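Asks: Have a look at the structure that comes next, please.
Please treat every number below as a calculation from the coordinates, not as lab data. Quick caveat: nothing in here was measured; it's all calculated off a predicted structure.
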Amino acid sequence: MQEKLRREGLAKIRGETKYIDDQSWPHQVIFGMAIRSPVARGTLTAIEFDQQIDWSDFCIVTPQDIPGKNRIKMIEDDWPYLAEDQINHYGEPILLLAHPDRQQLQRGAAHITLQIDPLPPVLTIEESLSEQEIIWQKGNTFKSYQIKRGTTESIFSSGDYQIFEQEYRTGAQEQLYLEPNGVVATFDPELGVTIYGSLQCPYYVDGAMATLLNLEKDKVRIVQSPTGGGFGGKEDYPSILAGHAALLALHSKQAVKMIYDRKEDMAVTTKRHPSRTKIKSAHDKDGKIAAIQIEFILDGGAYATLSEVVLSRGALHCFGPYFCQHVQIDAKAVATNHPPNGAFRGFGAPQSIFAMERHLDLVAAKLKLTPEEVRRVNFITKGQSSCFGQTFRERVDYHALMDIVFEQSDFHNKQQAFQKYNADPSNPVKKGIGFATFLHGSGFTGSGEDYLASRCTITARQDGKVEVLASSTEIGQGKDTIFTQIVAQELKLPHHQVVIAPVDTSIVPDSGPTVASRTTMIVGNLVKQAAAKLRDQLIETKFLASNYQPTQVAGAIKNYLAQHDTLTINTQYQRPEGVAWDDQSYSGDAYATYAWAVYLAEVEVDTLTYQTRVTNFYALQEVGKVVNQILAQGQIEGGVVQGIGHALYEHVLHQDGRMINNHLTDYIIPTSIDTPPIKVIFEEWNRQYGPDGAKGIGELPMDGPAPAVINAVVNAVGSQVYAIPMLPENLMEAMQS
Amino acid sequence: MEFNNHITITLTINGEQQQVSVPPMARLLDIIRNKLELTGTKEGCGAGECGACAVLLDGKMVNSCLIPAIQANGSSVYTIEGLAQKEEFNCLEHSFHKKGGTQCGFCTPGMLIASYQLIKDKSSPNREEIRQAMAGNLCRCTGHQKIIDSVADAIEQLTKSPEGQ
């Protein structure tokens with residue numbers, strides 16, 4: 001038991017962990033900042049520096065000072081580090097400023113005037129689609145996908161079915177990692193540039209710096225500092241922040257620190273994409289879906305960032321765990337003049353799943369069926385193929401999953417009890433119960449893992465310990481502990497004999513980014529394979545007997561290294577046999593495997609104040625092998641509460657393209673008193689992929705809570721709700737209309 | 001230059017008297033982090049909303065980002081580093097570790113300060129009282145459940161053995 005506790009836990013509890021802003025530096029560090037656009041769209045005509053200030057004390061960087069390419073290396077080549085003349089969103093960086101004294105830096109910033117000719121901004125999905133203003137390349141569309149099976153139109157026009165059509169919306173959401181984005185950049189003519197920072201994906205930053213600074217790869221080094229949460233918010237954004245700090249370091253020849261305060265972090269960093277989903281579905285009298293059309297649109301913000309892949313995941317997840325012969329999904333990510341939206345746990349899936357799971361409850365209400373009945377006639381099962389052509393070969397049994405949740409939550413009895421409770425008109429509090437059935441694919445979408453071709457190294461050390469080298473980052477999810485467990489189990493070693501190498505690109509190979517519910521399943525498997533090979537090597541060379549004792553490993557390693565230079569094993573990702581995806585037709589096995597889940601929420605709605613409280617929550621998922629119960633539960637519980645926040649509290653309020661509630665006073669996330677007891681239930685049916693069969697779970701818990709909670713609210717009050725966040729005023733409107 | 005004006009603040013930090021010179025607008029948090037280099041106290045929001053900067057000021061939990069330096073003059077302050085030396089901390093530390101009460105760790109020192117304050121104030125708080133006591137500290141990773149579990153576990157251990165050992 002003791003061995004499975006979080007490795008770095010005690011240091012964190014004692015406050016000893018040094019996050020980026022806690023670290024001390026051998027040389028003077030100066031402070032950097034970006035001067036940003038005060039408008040959402042316009043043309044920059046001039047930058048004026050007040051002559052009252054002695055600017056010689058400052059380091060100033062403009063686009064002309066960029067030695068390489070002024071574009072953040074990502075999917076498209078459109079996102080500049082510093083705006084050149086066109087300004088495309090509020091807060092867009094225009095120039096960089098650094099000074100040894102923070103107060104002087106602020107004073108300097110106040111004496112720079114930007115001359116901008118404003119242009120009409122595009123601020124909604126509808127404005128973008130109208131293309132009255134073209135704000136991105138030749139059109140306003142970053143990317144579109146279509147999934148098509150059968151002939152939906154002929155079913156709709158047959159007259160044999162009842163047809164339901166509805167639009168759903170989800171809002172932007174801030175990741176709100178407790179530690180804001182921050183980096184320190186150093187520059188040395190010999191060594192090149194080094195970035196220390198709070199980040200999820202060191203090799204993303206590594207590639208970005210090489211392109212920006214026109215440096216050879218060996219002149220760029222990225223070191224992850226202990227990272228106070230990410231949730232996707234430190235996937236793409238650190239590349240831009242690191243770029244700013246690196247440019248200032250290069251020009252000032254000094255170490256440059258850039259730590260955002262909360263207001264800047266919330267105002268300018270990426271958010272979850274707002275979405276609009278239109279669903280049209282045809283049903284028989286039992287609720288069975290005869291045909292369905294889904295139009296799924298994301299507001300990508302001003303630049304393409306990761307919108308293309310967020311869209312893809314959203315599109316592939318939107319029809320959920322259901323089977324139908326006639327399906328059409330049209331997905332599109334469009335440009336607006338909001339700050340770019342990016343990765344956030346769930347990555348498009350929470351948005352489209354919200355729409356689908358709400359729609360099924362709406363259909364149930366219209367057909368006078370229960371939400372349970374409508375789902376039971378539509379579930380996909382083993383052997384059937386999804387609308388994008390993936391045949392599920394593992395046990396997919398949503399009837400069993402629903403039965404488990406209903407039994408654990410006493411669903412049917414509670415439903416009746418709540419109905420009785422709600423019948424009393426003198427009581428303004430109404431109780432409701434609702435659920436969502438959904439899935440989440442593990443790892444990168446489609447061929448993504450093939451392109452990443454992730455690598456991992458395990459090396460035996462002179463002190464007899466075994467060291468794991470991977471670029472996967474510890475961001476609170478417990479990666480260090482999981483990798484330790486995997487190696488310890490494979491080699492039969494005590495945990496303290498396993499060392500996790502610092503995540504430093506000059507040391508560790510590229511294991512791909514720490515995103516997409518992939519670290520345990522994909523990289524963990526590489527770690528396991530490497531550990532097994534290392535053990536086999538020691539046995540084959542007779543340094544270990546095949547029936548060795550754990551205490552003998554250290555000695556065997558020392559003896560081996562006395563006779564050999566090194567004992568190092570490299571492993572690289574290989575696509576599992578039988579898994580195939582075709583990029584051209586956008587079809588096949590979108591993910592090697594999925595986590596299958598049913599989430600259920602109970603709520604109380606005060607019909608006087610329109611406030612909703614989630615009073616109980618059940619989260620059931622089939623996740624293959626659970627590597628570490630406490631850590632896995634922690635992932636689910638945390639994700640559930642972020643999902644509740646998305647449903648009921650978290651409202652990114654924009655005005656003229658600017659987030660105006662960019663602080664924790666007005667942007668509300670759930671606290672300990674807003675959080676219900678959460679019962680986490682794991683099933684471990686399918687163990688075909690991942691180390692001992694562990695599937696990804698990081699993002700899954702973000703998908704189900706919002707539809708489960710809103711379905712419960714609708715169950716309580718009887719009025720339909722089609723958008724989140726559902727604030728009290730939104731519920732009031734819904735109930736009064 | 002106006003920026004060079006400094007004031008001298010005397011305070012007892014973790015039981016040791018210290019004198020620091022800071023700009024007049026400095027916050028207690030700035031003294032703790034920048035002058036005394038006690039970095040266990042974090043800045044999460046700078047607006048008194050998240051509790052990551054919580055410390056004990058004359059025995060009461062405060063958000064140190066809201067306390068002007070001048071107000072801390074003559075006071076006694078305990079940060080996580082000082083608390084970690086106290087005997088009662090052992091039990092909390094053990095429970096947070098065992099029950100999964102920390103993930104990314106950034107909110108954790110503040111959580112420990114809040115739970116320490118709670119066990120000092122109340123002998124056997126129930127789960128609801130624990131939730132109330134921790135409501136001023138935001139956590140984005142855990143969904144709060146394992147933090148509440150940790151505090152409840154520590155209280156159970158302390159009730160079994162008043163010395164907390």
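Asks: Dividing the Cα radius of gyration by the Kirkwood radius, what Rg/Rh value follows for the range A:454-572?
Replies: On the Cα set of the range A:454-572, Rg over Rh gives 0.96.
Asks: Related question: Determine which lysines satisfy two conditions relative to A:Lys278: a Cα distance under 24 Å, and not lying fewer than 8 residues away in the same chain.
Replies: Cα-Cα hits under 24 Å: A:Lys143, A:Lys148, A:Lys288, A:Lys332, A:Lys366, A:Lys368.
Asks: Convert 20 °C to kelvin, take the viscosity as 1.002 mPa s, use the Kirkwood radius over C-alpha pairs of the range A:333-376 as Rh, and evaluate the Stokes-Einstein diffusion coefficient in µm²/s, rounded to a whole number.
Replies: Taking Rh from Cα pairs, D becomes 169 µm²/s.
Asks: Using only the alpha-carbon atoms, what does the range A:391-495 span along each of its principal axes? Please give whole angstrom values in decreasing order.
Replies: Sorted from largest, the Cα extents of the range A:391-495 read 75, 35, 25 Å.
Asks: For the protein assembly as shown, report the translational diffusion coefficient in µm²/s to the nearest whole number, using Stokes-Einstein at 25 °C, 0.890 mPa s, and a Kirkwood Rh over Cα pairs.
Replies: 86 µm²/s
Asks: Rounded to a whole number, what is D in µm²/s for the range B:86-160 from Stokes-Einstein with the Kirkwood radius over alpha-carbon pairs (25 °C, 0.890 mPa s)?
Replies: 206 µm²/s
Asks: Okay, moving on. One quarter of the convex hull surface, Cα atoms only: what value does that give for chain B in nm²?
Replies: Its Cα hull, projected and averaged over all orientations, spans 9.4 nm².
Asks: For the range A:41-89 and the range A:562-627, what is the separation of their C-alpha centers, rounded to whole Å?
Replies: Here the two parts' Cα centres lie 40 Å apart.
Asks: Ok, one more. List, largest first, the extents of the alpha carbons of the range A:212-284 along their principal axes, each in whole Å.
Replies: 70, 31, 23
Asks: I would also like to ask the following. Rounded to the nearest 500, what is the 222 nm mean residue ellipticity of chain A from helices alone, with -39500 (n - 2.57) per DSSP H run of 4+ residues and division by all residues?
Replies: Estimated from H runs of four or more residues: -8500 deg cm²/dmol.
Asks: Still on this structure, I have one more. Need one number: the % of Cα-Cα pairs in the range A:133-261 sitting beyond the 21 Å mark.
Replies: Distances greater than 21 Å cover 58 percent of the Cα pairs.
Asks: Expressed as a whole number of Å, what is the distance separating the alpha-carbon centroids of the range A:225-261 and the range B:79-109?
Replies: What the calculation gives is 29 Å, centre to centre.
Asks: In a GNM of chain B with a 10 Å cut-off on Cα contacts, which of B:Ile32, B:Ile70, B:Ile148 has the highest mean-square fluctuation?
Replies: Among B:Ile32, B:Ile70, B:Ile148, the largest mean-square fluctuation in the Gaussian network model of chain B belongs to B:Ile70.
Asks: Holding the Cα-Cα limit at 32 Å, pick out from A:Lys430/B:Lys99; B:Lys60/B:Lys98; A:Lys73/A:Lys679 the pairs that are longer than that.
Replies: Working: A:Lys430/B:Lys99 34 Å; B:Lys60/B:Lys98 27 Å; A:Lys73/A:Lys679 42 Å.
From A:Lys430/B:Lys99; B:Lys60/B:Lys98; A:Lys73/A:Lys679, over 32 Å: A:Lys430/B:Lys99; A:Lys73/A:Lys679.
Asks: With a Cα-only, solvent-free Debye model of the range A:514-596, what are the log10 I(q)/I(0) values at q = 0.21, 0.27 Å⁻¹?
Replies: Debye output, listed in q order: -1.00, -1.32.
Asks: The range A:353-383 to the range A:427-483: how many Å between their Cα centroids?
Replies: 30 Å
Asks: Using every Cα-Cα pair within the range B:2-82, state what percent have a distance larger than 17 Å.
Replies: 37 percent
Asks: What is the projected area of the convex hull of the Cα atoms of the range A:592-736, averaged over all directions, in nm²?
Replies: The directionally averaged projection comes out at 10.4 nm².
Asks: Shape verdict for the range B:1-41, please, from the Cα gyration tensor: rounded (a/c under 1.5), prolate (a/b greater than b/c) or oblate.
Replies: oblate
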